[in-house]
Amino acid sequence: MNYSKVIHLVRSSLKEDIGKRDITTGLFIPKDKMAKAVILAKEDCVVCGMEIAKIVFKATDNKIKFKSSAADGQHIKKGKVMARIQGKARSILIAERTALNFLSHLCGIATLTRRFVQAIKPYRVKIMDTRKTIPNLRALQKYAVRIGGGINHRFKLDEMVLIKDNHLKVIGDRLWVIGFKKIKNKIPTKIKKEVEVKTLQEFKQALKIRADIIMLDNMKLSDIKKAVMIRNCLSPNTYHPTPKLEASGGITLKSIKKVAATGVDMISVGVLTHSAKSIDISLEVL
């Protein structure tokens with residue numbers, strides 16, 4: 001994560017939450033009143049975002065003491081103290097909600113990702129995220145996926161060529177292979193090339209362009225298995241390297257093990273970032 005970008009995001013988030021001033025805290029809490037507090041996990045979770053929470057408190061008041069009791073990636077039980085905080089009561093109360101919002105959301109993503117990763121054991125397939133993220137929070141959300149044991153798909157559109165269904169609709173189903181071959185030499189060798197397919201017929205067409213990755217989108221398990229078999233039978237002499245296969249589309253915790261068993265290399269799961277349930281985390285003044 002880019003530290004300067006995180007600082008900017010934290011300050012923007014604090015400004016959004018505070019506005020001009022915290023009226024309640026300013027009226028009821030003496031200016032020099034000191035306090036101690038703890039951050040508690042109210043449910044089992046995978047920890048993620050402790051440094052972000054610390055930055056929130058420090059950005060509010062640099063004199064606040066913030067000591068983590070749990071590390072990112074650690075699985076903790078309900079009731080675990082995640083951090084201890086000491087400083088001016090006003091500062092602690094002002095920073096509370098913003099810090100907890102980051103923690104709850106990132107722990108939720110890391111926890112859900114860990115569940116998906118554990119669900120596909122002992123298969124060696126990789127669990128991968130998507131670009132279905134909250135605007136301006138992508139770096140943090142993808143960080144949480146990594147903490148949970150997943151890997152990141154592309155961050156930005158400029159990182160790889162990925163021909164999706166809407167591209168094909170614009171180009172024309174019969175013309176895209178010809179069109180791709182024409183522009184292939186214009187793509188830098190370091191840029192990976194991926195194409196999305198929905199049928200075995202489209203899969204066979206995608207093999208012709210020698211893509212690095214072929215995404216099997218919303219395909220039936222039987223068709224995914226056939227695609228893997230076809231890929232595995234490719235001769236290294238005529239097709240090298242063989243493409244990686246990525247399964248995608250509506251894959252859940254209940255279905256993911258069957259998908260992993262087909263032999264695909266990667267499974268992309270949008271729910272990791274767009275539907276992860278926030279973890280219940282609270283701050284309690286001692």
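The values are calculated or read from the model by the stated rules, or taken from the named source; none is laboratory data. This is a predicted model, so every value here is computed, not measured. Glycine also receives a Cβ, built like all others from the backbone with ideal geometry; neighbour counts cover every protein chain displayed.
Here are the numbers for the structure shown:
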| quantity | calculated |
| --- | --- |
| Failed condition for Ser69, given (1) within 27 Å of Gly149 (Cβ to Cβ); (2) small (Gly, Ala, Ser); (3) buried (at least 18 other Cβ atoms within 10 Å of the Cβ) | (3) |
| Selection count where residues are within 18 Å of Ala110 (Cβ to Cβ) and surrounded by 15 or more Cβ atoms within 10 Å (Cβ to Cβ), scope the stretch 122-138 | 9 |
| Matching entry among Asp265, Asp280, Asp223, Asp217 (being outside the structural domain of Lys164 (by TED's automatic domain parsing) and modelled with pLDDT of 90 or more) | Asp280 |
| Pair list, Cβ under 7 Å, 6 or more apart: the stretch 56-85 residue in contact (Cβ under 8 Å) with a residue 12 or more places away in the chain, other residue part of a helix (DSSP H, G or I) and hydroxyl-bearing (Ser, Thr, Tyr) | Val56/Thr98; Thr60/Ser91; Asp61/Ser91; Ile64/Ser91 |
| The lone exception for Ser282 - which of (1) touching a residue at least 60 places away in the same chain (Cβ under 8 Å); (2) surrounded by fewer than 17 Cβ atoms within 10 Å (Cβ to Cβ); (3) not in a strand (DSSP E or B) it fails | (3) |
| Near pairs, Cβ below 9 angstrom, 6+ apart or cross-chain, from the stretch 12-23 (free of Cβ contacts under 8 Å to residues at least 40 places away in the same chain and assigned by TED's automatic domain parsing to the domain that holds Thr98) to any residue that is among the polar types (S, T, N, Q) and loosely packed, with under 15 Cβ neighbours inside 10 Å | Ser12/Asn136 |
| Qualifying helices (runs of 4 or more DSSP H) (wholly inside the stretch 1-96; at least 1 residues being in contact with a strand residue (DSSP E or B) (Cβ under 7 Å, 6 or more places away or on another chain)) | 50-60 |
| Which listed residue, of Phe116, Phe102, is over 27 Å from Ser12 (Cα atoms) and either assigned by TED's automatic domain parsing to the domain that holds Ala260 or buried (at least 19 other Cβ atoms within 10 Å of the Cβ) (or both) | Phe116 |
| The stretch 11-35 - residue that is basic (Lys, Arg) and under 19 Å from Leu103 (Cα atoms) and, of those, surrounded by the most Cβ atoms within 10 Å (Cβ to Cβ) | Arg11 |
